[in-house]
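To start, the structure itself, in C-alpha cells.
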Amino acid sequence: MGRHFEVRAASMAATAKKKSAIYMRASKEIYMAAKKGVPDPNSNLALRAAIDKYRKQCPKDVIDRAIKKAQGGEATNYIEGRYEAYGPAGTYLIIDTLSDNSNRALVNVRTIITRKGGHLGDVSYNFEQVGVLDFKFDGTEESLEEILVLGDVDVKEITLEDGIAEVIVDPSSFDKAKAVLQENGVSDYEFAEVTMRANDNVTLEGEDLTKFKELLDMLDDCEDVQNIYHNVDL
C-alpha cells in the first residue's frame with residue numbers, strides 16, 4: 001500500500017468519536033504491553049513499541065493513564081484475535097482484535113464483513129509480516145542502506161521520496177533497525193511498526209471503492225477492532 005499504508009490516524013482523526021476510538025485502542029494496547037512485562041518502556045520493548053505507535057495519535061496523559069492502570073494491578077484482561085476475510089470486489093483483509101469478549105469480537109467482525117458483501121476466509125498467504133519505519137532523512141538511499149547493512153539489519157527494501165525514507169525490514173530486525181538508526185541521529189518516526197503488508201495490491205473505483213471505504217469505517221468504529229490490514233491502494 002506504499003508509505004503510511006496503515007496509519008490509523010490518517011483515517012480516524014476527523015471527529016471526536018474517531019479520536020475517542022484511537023484513545024481506546026492506544027489505552028488497551030499500552031495497558032496490555034505494560035501488564036505483560038515491567039511498566040517501564042526502557043526495559044519493556046513491547047511497551048516502548050506500543051507507546052511509539054500511538055505517540056503522535058493521542059495525548060501523553062492517555063499513555064500515562066494506561067501504564068498507571070497496569071501498575072495498579074487491575075485485573076482487566078483483553079484477548080487478542082485475528083480474523084481473515086474476503087472483502088467486496090476481490091479485496092483481502094486481516095483484522096486484529098483486542099477485546100474483553102472474544103465471542104463478541106468474532107460476531108462483530110463477521111457481521112460487518114458480511115454486510116458489505118464479504119465473508120471470512122483464509123487470505124494470510126497474500127500478506128507478509130514486515131517491520132516498517134518511515135522517517136525524515138537528508139541522505140541518499142545508498143548511504144541509508146550502508147548504515148543499516150553495517151548494523152547487521154536484515155533490510156528488505158528502502159525508498160526515499162521528498163525527504164521521507166521508508167525502510168522495510170524483517171520483523172526480527174525491527175528493534176535492531178531502530179537502535180542502529182538512533183545511533184545515527186534518527187529518533188522521530190512518521191510510522192514505525194511491525195505490520196502486515198499485502199504481496200499484491202488492487203485499485204478500486206466507483207461503487208467498489210465507496211463500499212470498501214464504508215467497510216473500513218465500520219471496522220474502525222468497532223470497539224473490538226485494533227488493527228486492519230488490506231490490499232487496496234487508497
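The values are calculated or read from the model by the stated rules, or taken from the named source; none is laboratory data. Since we're looking at a predicted model, the values are computed, not measured. These area figures cover heavy atoms from the full protein model, side chains too; ligands, DNA and RNA do not enter into them. Shrake-Rupley method; radii C 1.70, N 1.55, O 1.52, S 1.80 Å.
At-a-glance table
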quantity	calculated
3J(HN,Hα) from dihedral phi, the range 151-168, Karplus parametrisation 6.51/-1.76/1.60, rounded to Hz, x for glycine, proline	x, 6, 9, 7, 8, 9, 6, 9, 10, 9, 8, 6, x, 10, 9, 10, 10, 10
Shape call, the range 69-208: gyration tensor on alpha carbons, a/c limit 1.5	oblate
Solvent-accessible area per residue, Å², over the chain with all protein chains present [probe radius 1.4 Å]	51
Amide H contacts under 5 Å for Val232, placed H, 5+ residues apart	Val202
Overall form of the chain per C-alpha gyration tensor (a/c, 1.5; a/b vs b/c)	oblate
Amide hydrogen neighbours beyond the local backbone of Val194, cut-off 5 Å, H modeled	Val132
Relative contact order [Cα under 8 Å, 6+ residues apart], the chain, whole percent	24
Whole-percent carbon and sulfur share, accessible surface of the chain, 1.4 Å	46
Gaussian network model of the chain, springs between alpha carbon atoms under 10 Å - residue of Val180, Val107, Val202 with greatest fluctuation	Val107
Choice from Ser173, Ser124, Ser187 with maximal GNM fluctuation in the chain (Cα, 10 Å cutoff)	Ser187
For the range 14-83 versus the range 210-234, the gap between their alpha-carbon centres in whole angstrom	21
Segment Val202-Asp162, extension gain: residue separation times 0.36 nm, minus the distance between their alpha carbons	11.9 nm
Cα shape, the range 130-192, gyration tensor, a/c 1.5 rule	rounded
Most mobile of Pro59, Pro41, Pro171 in a GNM of the chain (Cα contacts under 10 Å)	Pro59
